[in-house]
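Enquirer: Dumping the structure here so I can ask a few things about it.
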Amino acid sequence: MVRNGQDLRSLPGNALLTPSARDYLRDLEGHGNANGKAGLSNNEQLSTKAVTSKSPKNEIEAFFNSPRIHDLKLQICEIGRRLWQRAYVDGNGGNIGHSCGRGHRPCTPTLVSKGFMKPEDLCLVDLEGNQLIGTKNRTSEILMHLRIMNGSHAPWRRSIVIPI
């Protein structure tokens, strides 16, 4: 429904939901609106478009530490925690990357359990996979994620890709 732009309030009362769908709907109540699209202010939308991988480091750091990206980092950590709790990943397995603006992709670090990640553990890479920000090394699988996100597979462009 979300992909097709439909209003989630039209979800039938007798609809059967997977645990992931229930989690998603619960998260939307706190972070988004009824049509499933998170609300961004004009300033946040402009700042996302203005910063590129060629921007000065201080602008990239400001972007990566902005409220919008911090919220995204919290969501990535929560997704990692859920994957770990459901035993979809074990040990340090699985990686998450996301498209958040021109030239930037936040991703999980290597050798960190997805069940115990913190926002400060995440990295920011450019479209070639070069790490721009992050104290821990980026996942080596981000190159595959970037290929999928930037490829001709339009439905995958803004999806989280989790190879298991």
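Enquirer: When both residues are 6+ apart or on different chains and their Cβ atoms are under 7 Å apart, which pairs have a first residue that lies in the stretch 91-119 and is free of Cβ contacts under 8 Å to residues at least 40 places away in the same chain, and a second that is charged (D, E, K, R) and crowded, with 21+ Cβ neighbours inside 10 Å?
Expert: Partner pairs satisfying both residue conditions: Cys107/Arg138; Thr108/Lys114; Pro109/Arg138; Thr110/Arg138.
Enquirer: Residue by residue through the stretch 122-142, note down the ones that are over 14 Å from the mean Cα position of the chain (by Cα), buried (at least 18 other Cβ atoms within 10 Å of the Cβ) and not in a loop (DSSP other than H, G, I, E, B).
Expert: Hits for the stretch 122-142 are Leu132, Arg138.
Enquirer: Pairs, please: C-beta under 7 Å, at least 6 apart or cross-chain, first residue within 15 Å of Leu124 (Cβ to Cβ) and in the stretch 70-81, second of a type in the set (D, E, K, R) and crowded, with 21+ Cβ neighbours inside 10 Å?
Expert: Pairs that qualify, where the first residue is within 15 Å of Leu124 (Cβ to Cβ) and the partner is of a type in the set (D, E, K, R) and crowded, with 21+ Cβ neighbours inside 10 Å: there are none.
Enquirer: For the stretch 82-102, how many residues are surrounded by fewer than 17 Cβ atoms within 10 Å (Cβ to Cβ) and small (Gly, Ala, Ser)?
Expert: Matching residues across the stretch 82-102 total 3.
Yes or no, residue by residue, for (1) modelled with pLDDT of 70 or more; (2) part of a helix (DSSP H, G or I):
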| position | (1), (2) |
| --- | --- |
| Lys37 | no, no |
| Leu40 | no, no |
| Glu44 | no, yes |
| Thr48 | no, yes |
| Glu59 | yes, yes |
| Phe63 | yes, yes |
| Arg68 | yes, yes |
| Gln75 | yes, yes |
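Enquirer: Another question about this same structure. Out of all the residues in the stretch 101-116, is one or more at pLDDT 90 or above, over 14 Å from the mean Cα position of the chain (by Cα) and not in a loop (DSSP other than H, G, I, E, B)?
Expert: Yes, the conditions are met somewhere in the stretch 101-116.
The values are calculated or read from the model by the stated rules, or taken from the named source; none is laboratory data. Predicted model only: the values in this text are computed from it and were never measured. Because the Cβ atoms are built from the backbone with ideal geometry, glycine has one as well, and the counts that use them run over all protein chains shown.
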